[in-house]
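Report on the following structure.
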Amino acid sequence: MSSPSMLRISEATSLALHAMGILAESKGYLISTDTMTEAMGASKNHLQKVLQRLARAGLVDATRGPSGGFKLAIDPSEISLMDIYIAMEGPLHLQGCILGNTNCSREKCVMGDLVKEVNDGFQKYFYQTSLADLAESKITKQEDSK
C-alpha cells in the first residue's frame, strides 16, 4: 500500500489533541481519566492508552492513585499541535499525489494544487499553533458567549 498523500487523523490522535486541550486549560492541576472521558464522551480504555503514549513522549506526567490524574509535563506554550500529532502518528510523510502515484504520466495533476495546499495548510497550522493558543481561544470564546 502506498503512503498517505493527504493528512489522516486517527481517532487516537483526535483523542490526544482533545485531552491535551483539557490539560492545557487545567492550569497545572491533575485531571483524572474519568473527568476527561466524561468531557469527551470517549472510551476510558482507549483514552488511557492515548495518555500512556503521551506520557512516554514526555508531554504529560501521570500520578497514580485515587487522587491521581494527568497534567502537562511542559508549559502549554512550548507544545505545538504537531508535537502531539508526531507523538501519536510518528513523523509526517506527505506526498503530492492523492492516489500515491509517483510516476504520473499527466503533465498537470487533475487535483491541481489542492492536495499540496491542504497539506501545507495543515502543517503550517499544526506547527504554529500551541496548546496555550487553543486554551486561550476557548477562554475568549467562553467570555464572548456570556
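Where a number appears in this text, it was derived from the coordinates with a stated rule and is not lab data. What you see is a predicted model; the values in this text were computed from it and never measured. Here the Cβ positions follow ideal geometry from the backbone for every residue, glycine too, while neighbour counts run over all protein chains shown.
For the reader, a short list of remarks on this structure follows.
- FRET efficiency estimate (nearest 0.05) - Cβ-Cβ, S10 to C109, R0 22 angstrom: 0.25
- Using R0 = 22 Å, the C-beta based FRET efficiency linking A73 and M40 works out to 0.65.
- Ordering of 61-69, 81-89, 8-16 by packing is 81-89, 8-16, 61-69, highest average first (other Cβ atoms within 10 Å, averaged per residue).
- When E38, E136 are sorted by how many other C-beta atoms sit within 10 angstrom of their C-beta, beginning with the fewest, the order is E38, E136.
- Those residues of region 60-77 whose amide nitrogen sits under 16 Å from the label point placed on A132, 7 Å along Cα→Cβ: 72-77
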